[in-house]
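Reviewing the structure listed below.
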């Protein structure tokens with residue numbers, strides 16, 4: 001997902017407007033100093049970001065709720081994103097109901113070795129800043145379950161290895177992580193969870209973990 005699509009998704013600004021230009025920072029940051037920060041983020045001028053942060057509220061909301069951290073993510077400026085996190089940017093602040101972690105699980109800069117996959121480095125940066133993947137959303141679903149889809153496999157691999165996951169958590173209707181993964185044919189990750197001690201999945205798992213699998217049989 002490129003910058004244009006990231007902003008379209010985040011702001012709903014591009015629906016049915018195939019000829020629409022990329023939203024500009026000036027559409028969200030009206031204060032001159034805030035706009036200067038947005039430009040520094042776009043240029044990944046880390047020294048300037050750190051300097052401006054001394055005079056700005058790093059977590060201030062601007063037009064349409066935009067924050068500096070979300071702007072860096074929507075612009076795919078990874079070094080600026082990490083710098084803002086180090087300066088205390090709040091990763092729990094959503095923009096128009098879009099969470100930072102949610103967009104971080106969608107952007108694919110992409111991973112050079114796996115161009116079809118979401119790059120896990122954004123989630124890694126969030127976790128290094130203190131983000132807890134075991135938090136739950138408004139529907140009581142663990143946040144890390146959002147990585148259950150095949151194109152997010154690299155993100156899920158990282159979370160399993162480093163996320164200290166509550167692998168036996170259930171959502172409000174009783175689903176478990178392994179059930180959700182099975183519905184998306186993520187059997188390799190199921191095997192990893194089973195190796196971590198998860199016994200919530202009672203299906204018949206395939207013998208192979210590197211190919212195409214039949215649907216598991218739930219007893």
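If each residue of separation counts as 0.36 nm, what is the full-extension length gain between residue 164 and residue 135 once their alpha-carbon separation is subtracted?
9.3 nm
So for the range 24-168, Kirkwood radius off the Cα pairs, Stokes-Einstein at 25 °C and 0.890 mPa s: how many µm² s⁻¹?
156 µm²/s
So, R0 is 25 Å and r is the distance between the beta-carbons of residue 157 and residue 86; what FRET efficiency does that work out to, to 0.05?
That gives a FRET efficiency of 0.50.
Work out how much length residue 113 to residue 22 would gain on full extension: take 0.36 nm times their residue separation and subtract the Cα-Cα distance, in nm to one decimal.
The span from residue 113 to residue 22 would gain 29.9 nm if fully extended.
Take peptides 116-125, 30-39 and line them up by average Cβ neighbours within 10 Å, highest first, as a rough protection proxy.
Ranked from most to least packed, the peptides come out as 116-125, 30-39.
Report the calculated FRET efficiency for residue 194 and residue 44 (r = Cβ-Cβ distance, R0 = 45 Å), to the nearest 0.05.
In this case the efficiency is close to 0.60.
By count of other Cβ within 10 Å, fewest leading, how are 41, 172, 58 ordered?
172, 58, 41
Round to the nearest 0.05 the FRET efficiency obtained for residue 57 and residue 185 when R0 = 45 Å and r is the Cβ-Cβ distance.
The formula returns an efficiency of 0.50 here.
Bear in mind these aren't lab numbers, they're just calculated from the coordinates by the rules spelled out. Keep in mind that this is a model prediction, so the values were computed, not measured. Don't worry about glycine lacking a Cβ; one is built from the backbone with ideal geometry, like all the others, and counts go over all protein chains shown.
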